[in-house]
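The block underneath contains the structure these notes are about, expressed in structure tokens.
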Amino acid sequence: DTGVSQDPRHKITKRGQNVTFRCDPISEHNRLYWYRQTLGQGPEFLTYFQNEAQLEKSRLLSDRFSAERPKGSFSTLEIQRTEQGDSAMYLCASSLEDRGQIFGPGTRLTVL
Amino acid sequence: AQTVTQSQPEMSVQEAETVTLSCTYDTSESDYYLFWYKQPPSRQMILVIRQEAYKQQNATENRFSVNFQKAAKSFSLKISDSQLGDAAMYFCAPHSGGSNYKLTFGKGTLLTVNP
């Protein structure tokens, strides 16, 4: 296992379209996190899974956002009816309990 | 809510010299972890070092060490023998406490290493 992978790496979409991102964590990691990073800022927490259960969602995660982690493996983050303010880098991280989160390369979303 | 302050937006250091990046945070938790992450330009976030708040001994990872002052809520990163590859944005990130281990990031310090 070479680390956390994310797909796609870049996504350009038009305002109002739906987009879906995928994250494959390190296989033995039970925890999975999504963060959003805008230019010049540190990442902001969006949501967290322990195995397949989504245990916490940030208030940043409006009802246009939904995340899943079926069977406690890969995770998807979907944004419906994208807005220009959704343009950001979306980061996925995984960890085994408290050992420190390992980040993927991110998906850069541009909404035109 | 937890807040993290990195008061140095930018720092520079000469190759082979030592630099210290500062971080202060606010938390009501007594048991938590703190991390420093490095993000090179256009590259992914890399875990640099981890500190457990209940341990008095400061963590060390090769050329990287921390100065953790729990009472002062201060968590600085020292980079010794700086190398060109250390150039990056550095983020301080305490975890929020509790069982979810989510991270709260500061705004980062951009480190430049001069040859």
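The values are calculated or read from the model by the stated rules, or taken from the named source; none is laboratory data. What you see is a predicted model; the values in this text were computed from it and never measured. For neighbour counting, all protein chains shown are included, and Cβ atoms are generated from backbone atoms with ideal geometry for every residue, glycine included.
Pick out, from region B:41-107, the strands (runs of 3 or more DSSP E) lying fully within it that include 2 or more residues that are within 27 Å of A:R9 (Cβ to Cβ). Even if it seems obvious, please write down each step before you answer.
Details: elements: B:46-52, B:64-69, B:74-79, B:88-94.
Output list reads B:46-52, B:88-94.
Only one of (1) touching a residue at least 12 places away in the same chain (Cβ under 8 Å); (2) over 14 Å from the mean Cα position of the chain (by Cα) fails for B:K78. Which number is that?
The single condition B:K78 does not satisfy is (2).
I'd like to know if region A:7-17 contains one or more residues that are out of contact with any helix residue (DSSP H, G or I) (no Cβ under 8 Å at 6 or more places or on another chain), under 27 Å from B:T3 (Cβ atoms) and surrounded by 14 or more Cβ atoms within 10 Å (Cβ to Cβ).
Residues of region A:7-17 that are out of contact with any helix residue (DSSP H, G or I) (no Cβ under 8 Å at 6 or more places or on another chain), as a first pass: A:7-14, A:16-17.
When the remaining residues are screened for being under 27 Å from B:T3 (Cβ atoms), the result is none.
The answer is no, given that none of the residues of region A:7-17 is out of contact with any helix residue (DSSP H, G or I) (no Cβ under 8 Å at 6 or more places or on another chain), under 27 Å from B:T3 (Cβ atoms) and surrounded by 14 or more Cβ atoms within 10 Å (Cβ to Cβ).
Restricting to region B:77-99, count the residues that are among the polar types (S, T, N, Q), under 27 Å from A:R31 (Cβ atoms) and surrounded by 15 or more Cβ atoms within 10 Å (Cβ to Cβ). I'd like the intermediate steps shown before the answer.
Residues of region B:77-99 among the polar types (S, T, N, Q): B:80, B:82-83, B:96, B:99.
Now restrict to residues that are under 27 Å from A:R31 (Cβ atoms): B:96, B:99.
Filter once more, so that each one left must be surrounded by 15 or more Cβ atoms within 10 Å (Cβ to Cβ): B:96.
Of the residues in that region, 1 qualify.
Please specify each residue of region B:4-18 satisfying the condition of being surrounded by 12 or more Cβ atoms within 10 Å (Cβ to Cβ), part of a strand (DSSP E or B) and within 14 Å of chain A (Cβ to nearest Cβ).
B:V4, B:T5
Within region B:50-58, can one find any residue that is facing another protein chain (nearest Cβ under 10 Å) and within 12 Å of the chain's Cα centre (by Cα)? Even if it seems obvious, please write down each step before you answer.
Initial filter on region B:50-58 (facing another protein chain (nearest Cβ under 10 Å)): B:50, B:52.
Within this subset, residues satisfying the condition of being within 12 Å of the chain's Cα centre (by Cα) are B:50.
Yes, there is a match, as at least one residue in region B:50-58 is facing another protein chain (nearest Cβ under 10 Å) and within 12 Å of the chain's Cα centre (by Cα).
Kindly list, by first and then second residue, each pair from a residue in region A:4-23 that is at positive phi to a residue that is modelled with pLDDT of 95 or more and among the small types (G, A, S), limited to pairs with Cβ atoms under 9 Å and residues at least 6 apart or on different chains.
Listed pairs, sorted by first residue: none to list.
Going through region B:37-49 one residue at a time, which ones are of a type in the set (K, R) and more than 19 Å from A:E44 (Cα to Cα)?
Selection gives nothing.
For region A:37-69, how many residues meet the condition of being surrounded by 18 or more Cβ atoms within 10 Å (Cβ to Cβ) and of a type in the set (S, T, Y)?
The number of residues fulfilling the criteria is 2.
Here's the yes/no breakdown for (1) at pLDDT 95 or above; (2) of a type in the set (A, V, I, L, M, F, W, C); (3) over 27 Å from A:Q54 (Cα atoms):
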site: B:D26; (1), (2), (3): no, no, no
site: B:Q51; (1), (2), (3): no, no, no
site: B:Q56; (1), (2), (3): no, no, yes
site: B:D86; (1), (2), (3): yes, no, yes
site: B:M89; (1), (2), (3): yes, yes, yes
site: B:T109; (1), (2), (3): yes, no, yes
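Which members of region A:75-101 meet the condition of being without any contact (Cβ under 8 Å) to a residue 24 or more places away in the chain and either touching a Pro at 6+ places or on another chain (Cβ under 7 Å) or surrounded by 14 or more Cβ atoms within 10 Å (Cβ to Cβ) (or both)?
A:D98, A:G100
Tell me which of these B:S74 doesn't satisfy, since it passes every other one: (1) crowded, with 18+ Cβ neighbours inside 10 Å; (2) touching a Ser or Thr at 6+ places or on another chain (Cβ under 8 Å); (3) more than 15 Å from B:A88 (Cα to Cα).
Here B:S74 clears every test but (1).
Among the candidates A:G72, A:G106, which residue alone is within 14 Å of chain B (Cβ to nearest Cβ) and either surrounded by fewer than 21 Cβ atoms within 10 Å (Cβ to Cβ) or under 14 Å from the mean Cα position of the chain (by Cα) (or both)?
Numbers: A:G72 fails: within 14 Å of chain B (Cβ to nearest Cβ).
So the residue among A:G72, A:G106 that is within 14 Å of chain B (Cβ to nearest Cβ) and either surrounded by fewer than 21 Cβ atoms within 10 Å (Cβ to Cβ) or under 14 Å from the mean Cα position of the chain (by Cα) (or both) is A:G106.
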